[in-house]
1. Got the relative contact order for the range 105-171 handy, in percent, Cα pairs under 8 Å and 6 or more residues apart?
2. Quick query: amide H of ARG155 versus all other amide H atoms, modeled in the peptide plane; which residues come in under 5 Å with a sequence gap of 5 or more or a different chain?
3. Along the range 50-63, what does the Karplus equation 6.51 cos²θ - 1.76 cosθ + 1.60 (θ = phi - 60°) give for ³J(HN,Hα), rounded to whole Hz, x for Gly and Pro?
4. Please give the peptides 50-56, 140-146, 73-79, 115-121 ranked by average Cβ packing (other Cβ atoms within 10 Å per residue), highest first, as a rough proxy for protection.
5. Quick one: accessible area per residue over the range 53-193, 1.4 Å probe, rounded to a whole number of Å²?
6. Using a 1.4 angstrom probe and counting only protein chains, how large is the accessible area of ASP103 in Å², to 10?
7. Roll a 1.4 angstrom probe over the protein heavy atoms and tell me the percent of accessible area of the range 32-95 that is carbon or sulfur.
8. Run the accessible area of the range 101-193 with a 1.4 Å probe and give the carbon-and-sulfur part as a rounded percent.
Amino acid sequence: MKLKLFGKKQLTGLLLACSLLPTIVDAQICNPSALVTTPSTRFIDNNDGVIIDTKTNLMWQKCTDGQSGDNCSTGSATSYSWQQALQRVDNLNNTSGFSNYVDWRLPNAKELLSLMERSCIEPAINLQVFPNINGSNSDLWSSTPYLQAPNSNERALVAGFSGLGGIIDTMKIYNRAIRLVRNATPTPNIGAY
């Protein structure tokens with residue numbers, strides 16, 4: 001008895017489906033009935049590489065470090081150890097800065113957590129505001145050291161935007177991407193005297 005698993009048409013269809021699988025798997029999934037925690041209306045795009053969060057009054061780099069462009073598709077995310085990330089911030093601020101500001105810093109874990117979009121996964125961030133987050137740039141260093149372990153001087157907190165999103169601790173020697181932040185200058189009230 002000869003066993004035939006697939007015919008020519010079925011095999012072609014299966015191969016086509018498999019070739020599309022990375023596209024399907026890499027797509028962000030959002031629950032349309034869930035509360036949107038980071039609506040696009042909360043953010044202002046300055047069209048100069050920075051985003052202002054009107055809820056937290058923080059100014060963020062639109063793209064992870066190493067990427068640029070309106071949709072962050074130019075370049076690739078640069079990964080750093082925790083110490084290298086802190087040094088990158090110092091170097092940036094002591095040279096040309098970014099978007100005419102020289103007071104950038106590595107965000108703390110709570111600030112990064114404020115960007116988590118709880119109605120979406122893969123990644124758990126608003127892609128209309130912060131585009132092109134995937135794989136190598138979905139884990140971002142925070143400035144927050146992890147103090148709960150015996151070797152706490154060797155660990156820091158990372159915001160992971162892949163999967164469901166969340167804060168995890170990891171070794172400071174590992175490489176992660178960064179997205180810098182600064183306190184936004186309050187917008188003056190034009191009508192007030």
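1. Once divided by the residue count of the range 105-171, the mean separation gives 36 percent.
2. TYR146, LYS172
3. In residue order, the calculated couplings are 10, 10, 9, 8, 6, 7, 9, 6, 10, 10, 10, 5, 5, 9 Hz.
4. Answer by packing, highest mean first, reads 140-146, 115-121, 50-56, 73-79.
5. Normalised by residue count, the accessible surface of the range 53-193 is 50 Å².
6. 80
7. That share works out to 50 percent.
8. The C+S portion of the solvent-accessible surface of the range 101-193 is 55 percent.
The values are calculated or read from the model by the stated rules, or taken from the named source; none is laboratory data. Given the structure is predicted, the values throughout are model-derived calculations rather than measurements. Here the Cβ is made from the backbone with ideal geometry for all residues, glycine too, and neighbour counts use every protein chain on show. Remember, those area values only see protein heavy atoms, side chains included, never the ligands or the DNA or RNA. Shrake-Rupley method; radii C 1.70, N 1.55, O 1.52, S 1.80 Å.
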